[in-house]
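The values are calculated or read from the model by the stated rules, or taken from the named source; none is laboratory data. Keep in mind it's a predicted model, so treat the numbers as computed, not measured. Cβ atoms come from the backbone with ideal geometry, glycine included; neighbour counts cover every protein chain shown.
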Amino acid sequence: MASDIFPARGFALEGQHCRVHVIDVTTSADRIVFETDEILLEAPNWAPEGLLLNGGGLLWALDPDAADPALAEVPFPTVPTLNNDHVLVPGSNDILLSANDGQIYRAPRGGGEAIRLTDPAGPFMHFLHGVDPDATLIAYTALAFVDGAAQHGGIRIANIDGSMDRPITPGQVADGSEWSPDGQWIYLNTEHFSEAPGHAQIARMRVDGTELDQLTFDERVNWFPHFAPHGETAVYLSYPPGTEGHPADLEVELRLVRGGQWRHPETVATLPGGQGTINVNSWAPDGSRFAYVDYPVG
């Protein structure tokens, strides 16, 4: 098993804890389904059987509709510690996992043996964000180290077995790549449209990197667009103006987009969070709810 390059994240502030929320997008009801100060949970996925979140380098299952929700570890004995980039594989019982050795693994989402998909001899660390609806392609954010310094490699796509790896955002600082449910577009956040460092906006482009189209145009810094399975609703994370990257422990917003109205989003939550809150798609399979995590103090 490869060694970790990046450490698993923990609480940074005294008295901090995390809360797992579920928002019903029809009623706008926001319900806390679990909270703990023992482990920092991040990045919910919503599988048919419930939520999957990472915490302490491991993956955890949580049933948000249980009378008394409790964490259950999902074991992956051959995978290094995990980060907060993990994605369900459509049409299967598998999950793709980004690990802290910079590689991507495929495993049964209930736990078990994993297959490494990416080449550790390659030039990039791999931070997974998207799988196409046909489960034939993956999209990830690349990070390279040159003379000990991290350099952003933009978004790259590859076949789901790791072959045919190629860039689709050359020269851009871009992240958060995710396919639209119809498979026609990749949605992302990118700094391409601004000269101000860190001023990411939501955009979309074709899978070959053409037709880059800006969707949000405000002063806030917008990250991680995620579509509901039916494709009619999306949610994204919105940082205060001037934020660089996607740090933790800021006052952020979750913004809902209905019917493709990206210029008219609805703020459905304001919360202490950022990194870990909604890094990956967290929509329920029926598209009625999504999950997120916040990190209050006290």
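Here is a yes/no grid of residues against (1) under 26 Å from PRO167 (Cβ atoms); (2) without any contact (Cβ under 8 Å) to a residue 12 or more places away in the chain; (3) surrounded by 21 or more Cβ atoms within 10 Å (Cβ to Cβ); (4) among the hydroxyl-bearing types (Ser, Thr, Tyr):
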{"position": "SER92", "(1), (2), (3), (4)": "no, no, no, yes"}
{"position": "GLU113", "(1), (2), (3), (4)": "no, no, no, no"}
{"position": "THR118", "(1), (2), (3), (4)": "yes, no, yes, yes"}
{"position": "ALA121", "(1), (2), (3), (4)": "yes, yes, no, no"}
{"position": "TYR140", "(1), (2), (3), (4)": "yes, no, yes, yes"}
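A residue that is over 24 Å from PRO181 (Cα atoms), hydroxyl-bearing (Ser, Thr, Tyr) and buried (at least 22 other Cβ atoms within 10 Å of the Cβ) cannot be found anywhere in the stretch 261-283. Within this structure, GLY209 passes the test of being farther than 27 Å from GLY15 by Cβ and not charged (D, E, K, R).
Quick check on ALA29: is it farther than 25 Å from LEU96 by Cα, modelled with pLDDT under 95 and either among the acidic types (Asp, Glu) or surrounded by fewer than 16 Cβ atoms within 10 Å (Cβ to Cβ) (or both)? Walk me through how you get there before you give the answer.
Values: farther than 25 Å from LEU96 by Cα: yes; modelled with pLDDT under 95: no; either among the acidic types (Asp, Glu) or surrounded by fewer than 16 Cβ atoms within 10 Å (Cβ to Cβ) (or both): yes.
Against the criterion (farther than 25 Å from LEU96 by Cα, modelled with pLDDT under 95 and either among the acidic types (Asp, Glu) or surrounded by fewer than 16 Cβ atoms within 10 Å (Cβ to Cβ) (or both)), ALA29 does not qualify.
Here the stretch 160-179 is the region considered, the condition is being of a type in the set (Gly, Ala, Ser) and touching a residue at least 40 places away in the same chain (Cβ under 8 Å), and the residue that is nearest to ARG116 (Cα to Cα) is GLY162.
Can you report the number of residues in the stretch 242-278 which are of a type outside the set (A, V, I, L, M) and under 14 Å from ILE202 (Cα atoms)?
Step one: filter the stretch 242-278 for residues of a type outside the set (A, V, I, L, M), giving 242-247, 249, 251, 253, 255, 258-267, 270, 272-277.
From the residues that got through so far, the ones that are under 14 Å from ILE202 (Cα atoms) too are 245-246, 255, 260-265.
Final tally of qualifying residues: 9.
Restricting the search to strands (runs of 3 or more DSSP E) fully inside the stretch 142-215 and requiring at least 2 residues that are in contact with a Ser or Thr (Cβ under 7 Å, 6 or more places away or on another chain), surrounded by 13 or more Cβ atoms within 10 Å (Cβ to Cβ) and among the aliphatic types (A, V, I, L, M) gives 186-190, 201-205.
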